[in-house]
Every structure is written in structure tokens, then in C-alpha cells.
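Shown next, in C-alpha cells, is the structure this report addresses.
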Amino acid sequence: MTIRPATPEAIASAARLLRDGQLVAFPTETVYGLGADATNGRAVAAIYEAKGRPRFNPLIVHVADVASARRFAVLSPLAERLAAAFWPGPLTLVLQKQADCSVSDLATAGLDTVAIRVPSEPVAQALLRAADIPVVAPSANRSGHVSATSAPHVDEDLGGSVAMILDGGPSSHGVESTIVDATGLEPVLLRPGAVTREAIHDAIGVWPSSHTGDSARPNAPGQLESHYAPRSRVRLRAQSAERGEALLAFGRHAPAHDGPMVNLSPSGDLKVAAANLFAALRQLDASGATGIAVMGIPDEGLGAAINDRLRRAAAPR
Ligand code: TXA
Ligand code: MG
């Protein structure tokens, strides 16, 4: 069995596997990550292989603390403020690489920047400290598919290609980290995520601007239109579900439906909805429905990240 409860012994052997160049899936507070030694080109290549991920799409480097981050990246004054406010936590910063940065060029897709994240999840923290290497970790799902927020979901997508899946229970946030380009004077939001724009504004007094590149060649190259996609067709802003469709509902005013249905949060709590999102998409996808009708979700706070994922799930493949 590749799934192991995240005991101290399992974390220690996962750390050894990582140092040996193997792939280990582990929990973070956002989603499960597929980890490998960021400095080992062959291990990094195995990640692209296992996920079926395009090689132009760079990976996030995970470290235990801001001191480790400084070994690989230059923290601008803006980055220092964001790190002080949000690390450890679900914010990824895109930074200039240090001149002697040992992260494999494959992991950064040849860019002169590197994306760094310091997760707060205790198992992730313990693993990074025990391994004592920078760990690249994309979300632990097949490329383009729904992200994994539990160990069994990782197993479904990648079970055959990982040495171990550390089971730390369901992910608490349920959507990926927010990605901010902090190389300049002002923050640029590359991917909405678990840290809201509002929280960034509250912390540093500046609203992050949105990246307005063309979506075929985005600044966060993973931000492709079709992503997070279940097998079923996804229909957004539905008032009700048609016969044969599954319903992904939100809030108190969900329409009645006699087919498969999940309400992301009957009380209308966006934090609960985010935590349930990917598991709900997987569940409805497995229900045999012809498609998934999704009710409208408010676009404020965490709703921005939820709607970003749903829009990509619905995009033409
Ligand atoms: O919450 C998360 O961030 C999760 C957990 C496992 O930590 N990881 C995650 O990784 O979502 P992934 O590979 O699914 O998404 C990484 C994103 C991609 O959109 C990629 O293009 C972007 O980060 N990225 C990585 N390096 C970058 C760079 N140097 N510049 C711009 N975008 C970058
Ligand atoms: Mg992903």
C-alpha cells in the first residue's frame, strides 16, 4: 500500500525517499502536492512524466521557512512584507532566482524567476525540515484534472507512480495557493487562491493588480484555459439541473433536484465551499451524470478562487 498515515516514522521515511530522488505525495493546507527534490533534474523530470504535465509549465518550490527561501530567491522589499504577513501559509511568491540557485532549470522551465511557497500544514512542515532540501510540488493530480484534496484522490490519479502517499486527512483550504509576482514594486496576482485579494490589501495596504496577459501565453504558464477539469461537461450559472445532469449547489436557495447533487455549503460559507470543491467535482463526475450544472457563486473573497477553478473546469477542452 502506498498510502501511509502521516506518523513521525512515515514522515522520516518519506524524507529519505525524497532525498533519494523518489516521488512522495504529501498534504498541504491547500491541496495535496506531488513532491520531488527540486535540485535533482531526474526527480523533477519524473514529476512531469507522472502528471503528464507540459514541460513549459514551471513548478513551485516548497521550503520550511523564509530563511530557506532566501537561499534560492531574492526577496524584494515587497516580497519581505508579503512573506512576513503570510508565511507560513497559502501564498506563493514569484521571485528573482539567486545567482547560485540550485533548483533544476527544468523545475523553473528555464525562467529567471522561481515560485516559492512556505506551507503551514504541520505534516508538510515536518517533511520539509526532515528532508532539508527544496521540494518542488505541483498539485498531486493528472495534468489538467481536478486537484486532489485527500490521499485516496491522489491514489486514484497517481497511485502507480509515487513511492509513498502521506495521508494527513482532507486539505483544510481545498483550493491552491494564491500566486503573486513580487519581483516588482507592486504585487501582481497571477493566480487567485486561498489568500484573498482582500487579505493582501489588508496586510500591505495595496491591491494586487491582475495579470492581463493573453491566456495562451500567461505569466503563470499553468494558467491555461482548460484545467481542473472533470470528465463531465460543466455548465456554469445554472438556475437548475436538467434531467440526467448532476447539480453542484451553493447556499440556502438550492433548487430541488432528484439526480446526484452536492451542496458546497448549505449555509453559503465560501470557506466551506472551497474546502469541498474538488471532492464534490470528483464525486459528481463519478455519478454517471451527463454533465454537471453549477449554481452561481458570489465572486468576492474566496469566491474569486472558486469561480476561477470552475471557469477553467467548464472551458472547452
Ligand atoms: O497550493 C499550491 O500551490 C499547490 C500545493 C501542492 O502547494 N501547488 C500547486 O502547484 O498548485 P501547480 O504546479 O499545480 O501550480 C503551480 C503554478 C502553475 O500555474 C505555474 O505556472 C506557476 O505556479 N508558476 C511556477 N513557477 C512560476 C514562475 N517562475 N513564474 C510564474 N508562474 C509560475
Ligand atoms: Mg495544479
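Taken together, the values in this text are just the output of simple stated rules run on the coordinates, not laboratory data. Here the structure is a predicted model, which means the values were calculated and not measured. All Cβ positions, glycine included, derive from the backbone under ideal geometry; neighbour counts span all protein chains shown.
For segment 8-19, just list the computed ³J(HN,Hα) in residue order, Karplus coefficients 6.51, -1.76 and 1.60, θ = phi - 60°, integers in Hz, with x standing in for Gly and Pro.
x, 5, 5, 5, 5, 6, 4, 5, 5, 4, 4, 5
Using a simple spin-label model with points 7 Å from Cα along the Cα→Cβ vector, what separation in nm is obtained for Trp207 and Arg71?
4.0
Using the Karplus curve 6.51 cos²θ - 1.76 cosθ + 1.60 with θ = phi - 60°, work out ³J(HN,Hα) for each residue of segment 159-168 in order, rounded to whole Hz, and write x for Gly and Pro.
Per residue, the Karplus-derived 3J(HN,Hα) values read x, x, 10, 10, 6, 7, 10, 7, 9, x Hz.
For the pair Glu242 and Asp105, what calculated FRET efficiency results from E = 1/(1 + (r/R0)^6), where r is the Cβ-Cβ distance and R0 = 51 Å, to the nearest 0.05?
Rounded to the nearest 0.05, the efficiency is 0.55.
Kindly express, to the nearest 10 degrees and within the range 0 to 90, the angle between helix 122-131's C-alpha long axis and the longest C-alpha principal axis of the chain.
For helix 122-131, the angle is close to 30 degrees.
Out of residues 5 or more away from His145 or on other chains, whose amide H comes under 5 Å of its own, with H placed 1.01 Å from N in the peptide plane?
Tyr228, Ala229
Once phi is turned into θ = phi - 60°, what whole-Hz ³J(HN,Hα) does the Karplus curve with 6.51, -1.76 and 1.60 give for every residue of segment 236-250, x standing for Gly and Pro?
Going residue by residue, I get 8, 6, 6, 7, 7, 9, 7, 4, x, 7, 8, 10, 9, 9, 8 Hz, with x marking Gly and Pro.
Output the antiparallel fraction of DSSP beta bridges having both residues in the chain, as a percent to the nearest 5.
45
Which far-off residues, 5 or more places away or on another chain, put their amide H under 5 Å from the one on Ile60, with H placed in the peptide plane?
Here Ala137 satisfy the definition.
PRE reach from Arg19 (point 7 Å along Cα→Cβ): which of segment 37-60 fall under 20 Å by backbone N?
37-44
If you average the sequence gap of Cα pairs under 8 Å that are 6 or more apart and divide by the length of the chain, what percent do you get for the contact order?
RCO, the chain: 20 percent.
I'd like the distance between the alpha-carbon centres of segment 75-120 and segment 3-71, rounded to an integer number of Å.
Going from one Cα centre to the other spans 16 Å.
Hey, what did segment 1-159 get for relative contact order, percent, Cα under 8 Å, at least 6 apart?
35
Taking the alpha-carbon centroid of each part, what is the distance from segment 231-255 to segment 133-178 in angstrom?
One Cα centre to the other: 26 Å.
So what's the angle, to the nearest 10 degrees on a 0 to 90 scale, between helix 77-86 and the longest Cα principal axis of the chain?
60
Starting from the Cα of Ser226, step 7 Å along the direction of its Cβ; do the same at Gln98; then give the gap between the two resulting points in nm.
4.1
With axes computed from alpha carbons, what is the tilt in degrees of helix 41-51 against the longest principal axis of the chain, rounded to the nearest 10 within 0 to 90?
Long axis of 41-51 versus the principal axis of the chain: about 0 degrees.
For a Förster distance of 25 Å, can you work out the FRET efficiency between the beta-carbons of Thr290 and Arg142, rounded to the nearest 0.05?
Computed FRET efficiency for Thr290 and Arg142 comes out at 0.65.
Grab the DSSP H runs of the chain that are 4 residues or longer, score each as -39,500 (n - 2.57), total them, divide by all residues and round the 222 nm result to the nearest 500 deg cm²/dmol.
Helix contribution divided over all residues of the chain: -9000 deg cm²/dmol.
Please list, in chain and number order, the residues 5+ apart from Arg235 or on another chain whose amide H is under 5 Å from its amide H, with Hs placed from the backbone.
Amide H neighbours of Arg235: Ile292, Ala293, Val294.
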